[in-house]
Amino acid sequence: EIKACLFDLDGVLVDTARYHYIAWRELAEELGFDFTEHDNERLKGVSRAASLNILLEIGGITLGEEEKARLAEQKNNRYVEYIAKMDSSEILPGALDFLKECREHSIKVALGSASKNAMTILNNTGLTPYFDAIIDGTHTSAAKPDPEVFLLGAQAVNIAPEHCVVFEDAEAGILAATRAGMRSVGIGSPETLGAANLVVPSLQQISVDALRESFAAI
Ligand code: G6P
Ligand code: MG
């Protein structure tokens, strides 16, 4: 039986991936190299500090910890400027309806995001009231694919992992769900999310009934 749905934020509920991308690309430009949308795939679901390390690796640049902290802050300041202007129009198709449907079926709803900006995004888009628990980058010590963020989410809503379903757009997130002992639904393409139990293009293609049918065993 499905008793809780755990949602990643960026790329699953809201369209923030492009803001992350623009902010990282601006930083790369300043450092003197190109950062493509293809490169950006590697940053999805990855923490801010780890993202910067990947970016610098792509640019072939080695920097000290202090300078890296400064650049991460610079990127985040830009990103925060973008998300400050967000509103409900940036909720991804099908997300709001599915969150409401979960509530109607008394399925617990939790957030499991690596972002330290999750609260700003949830508040600006009006999504906060749909959650029973919110676990974000300010609560975790280990990044996906570590299962910590989802295990904390399940604990917060008091549901055992085997009754939880995770919704993720990043490969690292699907792996985190599996390691947490949870089922997963990949939001995006089967090419990158093949490890998920089910893959759909967006939350528009999912309903509680369809989910129950797919995961009849739980
Ligand atoms: C999500 C996004 C990543 C981002 C990370 C940290 O997982 O998919 O692209 O780097 O959150 O976000 P933050 O807002 O804390 O920099
Ligand atoms: Mg994501």
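The values are calculated or read from the model by the stated rules, or taken from the named source; none is laboratory data. Since the structure is predicted, the reported quantities are computational estimates derived from the model, not experimental observations. Reconstructed Cβ throughout: ideal geometry from the backbone, glycine too, with neighbour counts over all protein chains shown.
Details
- Looking across VAL149, VAL199, one residue alone is within 16 Å of ligand 2 (Cβ to nearest atom), closer than 22 Å to VAL46 by Cβ, modelled with pLDDT of 95 or more and surrounded by 21 or more Cβ atoms within 10 Å (Cβ to Cβ). It is VAL149.
- Residue selected from the stretch 155-169 under the condition aliphatic (A, V, I, L, M) and not in a helix (DSSP H, G or I), by the criterion farthest from ligand 2 (Cβ to nearest atom): ALA160
- Of all residues making up the stretch 170-189, the number that are within 14 Å of ligand 1 (Cβ to nearest atom), part of a loop (DSSP other than H, G, I, E, B) and crowded, with 24+ Cβ neighbours inside 10 Å: 1
- Among the residues making up the stretch 28-87, those that are among the β-branched types (Val, Ile, Thr) and not in a helix (DSSP H, G or I) are THR36, VAL46, ILE61, THR62.
- Any chance LYS44 is within 24 Å of THR140 (Cα to Cα), in contact with a His (Cβ under 9 Å, 6 or more places away or on another chain) and surrounded by fewer than 20 Cβ atoms within 10 Å (Cβ to Cβ): no
- Within the stretch 83-97, the only residue that satisfies the criterion of being away from ligand 2 (no atom under 16 Å from the Cβ) and in contact with a helix residue (DSSP H, G or I) (Cβ under 6 Å, 6 or more places away or on another chain) is SER88.
- Every listed requirement among (1) away from ligand 2 (no atom under 16 Å from the Cβ); (2) farther than 14 Å from ILE121 by Cα; (3) polar (S, T, N, Q); (4) touching a residue at least 24 places away in the same chain (Cβ under 8 Å) is met by THR36 save one, (4).
- Pairs meeting the criteria (first residue in the stretch 55-74 and over 17 Å from SER115 (Cα atoms) and in contact (Cβ under 8 Å) with a residue 12 or more places away in the chain, second residue in a helix (DSSP H, G or I) and of a type in the set (D, E, K, R), beta carbons under 6 Å, at least 6 apart or on different chains) are ILE58/ASP39.
- In the stretch 23-53, the residue that is nearest to ASN117 (Cα to Cα) out of those that are among the hydrophobic types (A, V, I, L, M, F, W, C) and more than 10 Å from ligand 1 (Cβ to nearest atom) is LEU27.
- Any chance LEU211 is away from ligand 1 (no atom under 15 Å from the Cβ) and surrounded by 19 or more Cβ atoms within 10 Å (Cβ to Cβ): yes
- From the options SER115, SER106, residue that is small (Gly, Ala, Ser), assigned to a loop (DSSP other than H, G, I, E, B) and either surrounded by 18 or more Cβ atoms within 10 Å (Cβ to Cβ) or within 14 Å of ligand 1 (Cβ to nearest atom) (or both): SER115
- Flag for ASN77 being within 14 Å of ligand 1 (Cβ to nearest atom) and under 17 Å from the mean Cα position of the chain (by Cα): no
- Sub-6 Å Cβ pairs linking a first residue in the stretch 124-142 that is more than 14 Å from GLY112 (Cβ to Cβ) to a second residue that is surrounded by fewer than 16 Cβ atoms within 10 Å (Cβ to Cβ), at least 6 apart or interchain, are THR125/SER88; GLY126/SER88, ordered by first then second residue.
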